[in-house]
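Asks: Pasting a structure here, questions to come.
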Amino acid sequence: MSELITRRTMLTGGAASLLAAPWVARAQANTLRIGMQSILSGPIALLGTSSRNALLMEQDRINAAGGFLGRPIEFVFRDSKGQPQEAARLTRELVNSTGCELLIDAEASSGAFAVQEVVRDLGVACIHTNSETSSLTADPKIRVPTAFRVARQGVHDAVAGSMYLSGYADAKKLNKWATCSPDYAYGRDTTAQYLQFFKQFKPDLEITTEAWPKLGQPDFTEVITKLIQAKPQALFTLLYAGDLSAFVNQGNIYALFSQMAVATPNVDYPVLAAIKTLPPGIQSATRYLETFPDTPANREFGQAYLKRWNERPTNWAWQNTVAMQFYEAAIKKANSLDGKAVAAALTGMKINTPFGVDGTITMRDDHTIINYAIGWGQTTPKEPFIIDVKAADWGKIIELETEWKKQQKYI
Amino acid sequence: MDLDALGACLTTPACVVTQTTSGLIVGMLLFLVAAGVTLIFGVLKIVNFAHGTFYMLGGYVAYTALGATDSYALAVLAATLAMALFGILFERALISRVYGSNVLMQLLVCYAVVLIFDDVVKIVWGPEFHAMGMPPAFQVPPLFIAGGVVPPFYAVLIGVAALIALVLGVGLSMTRLGKTVRAAAINSQMVSALGVNTTLLFAIVFAIGGGLAGLAGALAAPVRSLSPGMGFSVLIESFIVTVIGGMGSIAGALVAALVIGMVRGFGTIGFPQFTDGLIYIVMIAILLLRPQGLFGRSS
Amino acid sequence: MKRHPALREAAIAAVALIVVLMIPLLHRSPAFEDFVIRLSAMALFATSLNLLVGNTGMVSFGHGMFYGLGAYAFALTMQMTELSLPVAAVLAIAITAFAALCVGAICVRLGTDYFAFITLAFQMLFYSLIISWQSLTGGDQGLRGGLPRREIFGFELSSQLHLYWFCAVVAVLGLLALRHISASPFGQTLRMIRDNENRTGFLGVVLWRARLWAFTIAGAFAGLGGVLAALFVSGAYPELADWPNSGQAIFAVMLGGINSFLGPVLGAAILLALNDVVTRFTEYYGLVLGLVILAFALGLRRGVLDFLKFAWPRGTK
């Protein structure tokens, strides 16, 4: 009998305590809360922390200028720890319980897809700022009316990169290439895209070997020796952040960099800060570079960020900045925070921003941005670290992107 | 799957030698990292799920020490001693309270430490990744030994790992301390009744196990990235090595590490996108044929 | 007077279910509803694990594999075929049970420590299959595009309220079934095996067969939990099948009480609530969770429900 009481008491007591406070929050009367979720812990925490840094700078700037529709904005930051089911929960919590009226989704790819489904159900305005996987906006089945992407895109990168690299390969007579990319969806898909366009621009391209280390793999030794043995003239790698840093250090002791040319889109300030002995002459894209575009506005951003956070910006930083610039312009135009109204204003919108090729970036009809600065150059051990930067040809990028979308049956 | 490439490699002497050498390097590094787990389990029958954290902290301490003293040797020493001390604290404060308990309770305690220190590292050193860089003494071109490429730094690491294998193996089976420690693991009350301070003994074992993990972290730091949460992948690797080799057998861990090294060395050629799946299949196969691991004792 | 424990338990379950179903009619709180939906999935997952760990003494580190398989099987069936939701769910559970049978047949003959690691190896193999088989599973990005046709018996599961009711009902029924299994003679056999397998063997019980049954049943119920998880995220992600998720179930069991039937449910509720609350205040969730776990492990030394039983033992029973 006492067993009955114990269990029932616990159940109802439990239910009562669950009803208590923590899930109900009241937003302060006038403040406009903007939900931001990202990966703030673990090996890839820099993605989230640099996004947050940039957003805090934008928060100050926007509030100094009067906020959105006369209301001061305030970010609510959440850490999904890179777990998609947690990302989905957080989106719902931010909108339903914390009273956020706009969303900035700074998750990486898998989280972004999870958030997309929740946004589809909720109908709130959301800008994805860090996911580079094309299908998020290119695939009509995945696209959502109120969700947009302000970030680099894998397929744009692939076209721009292969255009530059085919020119470079022709000039230096490098026909035999090897690839080394992290073995996960983004690594595989983007490498396939790069190779597809690369072969188009340079038909005599020969891939001697492909290496596929695991994302986060600490030891690349067997991969490095395999690559060296295949005797390619050049290596294309999509490794990034900590993996790229480890790969460079391990490659150095095998003198890999003296045996082949190396190309990667991923030498950015964090990699440069970590590796003290970066070999010169690596062909790299500029994910964010203070000197590209070579404008005072861009340099000002870089310096302001460095001063405030004691580290240099990443592409995640500029992407989140531009997202806020888009929100600012769209909300002003729509004069509303309603998801549909903001979405209507954002579609096709063109804004002035330091990170565009010609000082502007456009949000296309398929909810993703174009005309952002993509450049390729080569590394050098001292400032500005990447030199001889050539800007990509956006006309060509869009032409080939359209073909690719047709191939994938997205249009 | 690229079986043609694998076949081509296996029939080319140069390729066989090179990939075997890199398999050897990978294997010895794996053993170096896993040695601490094997020791602690072999002696105390405790699975140290916090092993990755010792490794991570060893790497970070070495990184900071190198920055402060500009001496790699001192950095390695600092990391080893710091982690030995941490091992003692960990054992005294936490592990000693769960000695008799369910293995899951021990797992819980270790995992709590992992969670706590992943955040501590993030608070102290920041969320971004760091790289120590190769100490100037090792910034030399690779050696060519018997047709295989061996970077001097790895040659040193292999030497250290082999030395540790020898010392641990011989130490546990032949020295008085080793025998006492093993006896205490089997029946601590008896050993204690014989006048041995088992408390001190167990603390020493954790000091050595922790110190080994810290040493591995410091030695690997020049070539790997430091970031919060880096202990995770190392933990899994160490477990695979320990389980395949036989829980508690140093010789087993060495052989298992080399087997995995070879699987990776040639797997990356034949199965570039499924190399880790291959390793799990090998692990399952070995456990089915010999559940106690290669050199483990069947219970 | 003869006791009818099964009837009594069904009555308690019915009362609890009615209370839970009624709450949103009094006060809507989306966060609470999300919590209950996720708890339903996790409670089934953790309780099914305890059938192995607490009842049979089989420590499985790889149980998340069946949770993930249930989620993927269900989500793939929904996305790729025209089958209705209940049929897809049953199919997913059947597939998971079959997989548990196969894996169990290989694993159950091993001694405790090795059983733990070989189940872990199978889980890691399954996880790497999910990641590698990108064309089917979407790889690390998971199944994208959402689940279509989320209706069952007139309920629209894309509505949070309906999903809440559905999950609560499924969870209570599932737990009731597990309770029935646990209290049955079969369940008692499992506990005998846990306590003294030699003696149980001498009594004529075929040990490996009993263990295999336990493993398969546990896998099937984990798969059911996975189906609920797939409904919540409207898809399936490899993280559901990864070993930190197995770890979550283990922690739920340990925190709640390994020797109490509702222990894992309570443990799951504690973990989820902690997650929800702590992430609102700090990004250092790991630090807080670690300290809480230490408090439980070193302070209480056993799960909450076990501790309550220990501190306030039931009368003359």
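The values are calculated or read from the model by the stated rules, or taken from the named source; none is laboratory data. Please read these numbers as outputs of a predicted model, since none were measured by experiment. Every residue, glycine as well, gets a Cβ built from its backbone with ideal geometry; the counts of neighbours run over all protein chains shown.
Asks: Considering only segment C:183-260, give the helices (runs of 4 or more DSSP H) lying wholly within it that have at least 2 residues that are in contact (Cβ under 8 Å) with a residue 12 or more places away in the chain.
Replies: C:185-195, C:207-233, C:243-256
Asks: Here's something else I'd like to know. Could you tell me whether segment A:215-234 includes any residue that is away from chain B (no Cβ under 12 Å), touching a residue at least 12 places away in the same chain (Cβ under 8 Å) and either surrounded by 21 or more Cβ atoms within 10 Å (Cβ to Cβ) or aliphatic (A, V, I, L, M) (or both)?
Replies: yes
Asks: Okay, moving on. Going residue by residue through segment C:265-272, is there one that turns out to be in a helix (DSSP H, G or I), within 8 Å of another protein chain (Cβ to nearest Cβ) and without any contact (Cβ under 8 Å) to a residue 12 or more places away in the chain?
Replies: No, there is no match, as no residue in segment C:265-272 is in a helix (DSSP H, G or I), within 8 Å of another protein chain (Cβ to nearest Cβ) and without any contact (Cβ under 8 Å) to a residue 12 or more places away in the chain.
Asks: Let me ask you something else. Hey, which of the strands (runs of 3 or more DSSP E) in segment A:311-411, taking only ones fully inside, have at least 3 residues that are within 30 Å of A:THR49 (Cβ to Cβ) and of a type outside the set (S, T, N, Q)?
Replies: A:375-379, A:386-391
Here's the yes/no breakdown for (1) modelled with pLDDT of 90 or more; (2) on the phi < 0 side of the Ramachandran plot; (3) of a type in the set (D, E, K, R):
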site	(1), (2), (3)
B:LEU104	no, yes, no
B:ASP119	yes, yes, yes
B:PHE129	no, yes, no
B:GLY133	no, no, no
B:VAL140	no, yes, no
B:ALA162	yes, yes, no
B:MET174	no, yes, no
B:ARG182	no, yes, yes
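Asks: Taking the condition of being under 25 Å from B:LEU157 (Cα atoms) and outside any loop (DSSP other than H, G, I, E, B), how many residues in segment A:212-238 meet it?
Replies: Residues meeting the conditions: 9.
Asks: Of all residues in segment C:289-308, which are within 9 Å of another protein chain (Cβ to nearest Cβ), surrounded by fewer than 20 Cβ atoms within 10 Å (Cβ to Cβ) and in contact with a Ser or Thr (Cβ under 7 Å, 6 or more places away or on another chain)?
Replies: If the condition is that a residue be within 9 Å of another protein chain (Cβ to nearest Cβ), surrounded by fewer than 20 Cβ atoms within 10 Å (Cβ to Cβ) and in contact with a Ser or Thr (Cβ under 7 Å, 6 or more places away or on another chain), then no residue fits.
Asks: A further question on this structure: Could you say whether any residue in segment A:370-390 is under 23 Å from A:LEU102 (Cβ atoms) and within 21 Å of the chain's Cα centre (by Cα)?
Replies: Yes: segment A:370-390 contains one or more residues that are under 23 Å from A:LEU102 (Cβ atoms) and within 21 Å of the chain's Cα centre (by Cα).
Asks: Provide a single number: the residues in segment C:40-63 that are within 13 Å of C:ALA222 (Cα to Cα) and in a helix (DSSP H, G or I).
Replies: Residues in segment C:40-63 being within 13 Å of C:ALA222 (Cα to Cα) and in a helix (DSSP H, G or I): 13 in total.
Asks: Given A:THR314, A:THR264, A:THR291, which one is surrounded by 23 or more Cβ atoms within 10 Å (Cβ to Cβ) and either farther than 20 Å from A:PHE236 by Cα or outside the structural domain of A:GLN229 (by TED's automatic domain parsing) (or both)?
Replies: A:THR314
Asks: Out of the residues in segment A:183-214 that are over 27 Å from B:VAL234 (Cβ atoms) and among the acidic types (Asp, Glu), state the one that is surrounded by the fewest Cβ atoms within 10 Å (Cβ to Cβ).
Replies: Taking the candidates together, the pick is A:ASP204.
Asks: Right, here's the next one. Does segment A:106-127 hold any residues that are of a type in the set (Asp, Glu) and not in a helix (DSSP H, G or I), and which are they?
Replies: The answer is A:GLU107, and nothing else.
This table checks each residue for (1) touching a helix residue (DSSP H, G or I) at 6+ places or on another chain (Cβ under 8 Å); (2) away from chain A (no Cβ under 14 Å); (3) surrounded by 23 or more Cβ atoms within 10 Å (Cβ to Cβ).
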{"position": "B:VAL17", "(1), (2), (3)": "no, no, no"}
{"position": "B:THR20", "(1), (2), (3)": "yes, no, no"}
{"position": "B:GLY27", "(1), (2), (3)": "yes, no, yes"}
{"position": "B:ALA35", "(1), (2), (3)": "yes, yes, yes"}
{"position": "B:ASN48", "(1), (2), (3)": "yes, yes, yes"}
{"position": "B:ALA68", "(1), (2), (3)": "no, yes, no"}
{"position": "B:ALA78", "(1), (2), (3)": "yes, yes, no"}
{"position": "B:GLY100", "(1), (2), (3)": "no, yes, no"}
{"position": "B:LEU104", "(1), (2), (3)": "yes, yes, no"}
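Asks: Suppose we filter A:ILE224, A:ILE228 for residues that are at pLDDT below 95, in contact with a Gly (Cβ under 6 Å, 6 or more places away or on another chain) and among the β-branched types (Val, Ile, Thr); which single one remains?
Replies: A:ILE224
Asks: Moving on to the next point. Assess whether C:LEU129 counts as being under 30 Å from A:TYR410 (Cβ atoms), touching a strand residue (DSSP E or B) at 6+ places or on another chain (Cβ under 6 Å) and within 14 Å of chain A (Cβ to nearest Cβ).
Replies: The answer is no for C:LEU129.
Asks: Touching a residue at least 40 places away in the same chain (Cβ under 8 Å) and either assigned to a helix (DSSP H, G or I) or in contact with a strand residue (DSSP E or B) (Cβ under 7 Å, 6 or more places away or on another chain) (or both): is that true of B:GLN106 in this structure?
Replies: Answer is yes for this residue.
Asks: Scan (1) within 11 Å of chain C (Cβ to nearest Cβ); (2) assigned to a helix (DSSP H, G or I); (3) not hydrophobic (A, V, I, L, M, F, W, C) for the single condition A:LYS81 breaks and write down its number.
Replies: So A:LYS81 meets the others, but not (2).
One line per residue, one yes/no per condition, for (1) out of contact with any strand residue (DSSP E or B) (no Cβ under 8 Å at 6 or more places or on another chain); (2) assigned to a helix (DSSP H, G or I); (3) more than 8 Å from chain C (Cβ to nearest Cβ):
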{"position": "A:ASN96", "(1), (2), (3)": "yes, yes, no"}
{"position": "A:GLY99", "(1), (2), (3)": "no, no, yes"}
{"position": "A:LEU136", "(1), (2), (3)": "no, yes, yes"}
{"position": "A:PRO145", "(1), (2), (3)": "yes, no, yes"}
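Asks: Would you kindly identify the helices (runs of 4 or more DSSP H) lying entirely within segment B:165-238 that contain at least 2 residues that are within 14 Å of chain A (Cβ to nearest Cβ)?
Replies: The qualifying helices (runs of 4 or more DSSP H) are B:198-220.
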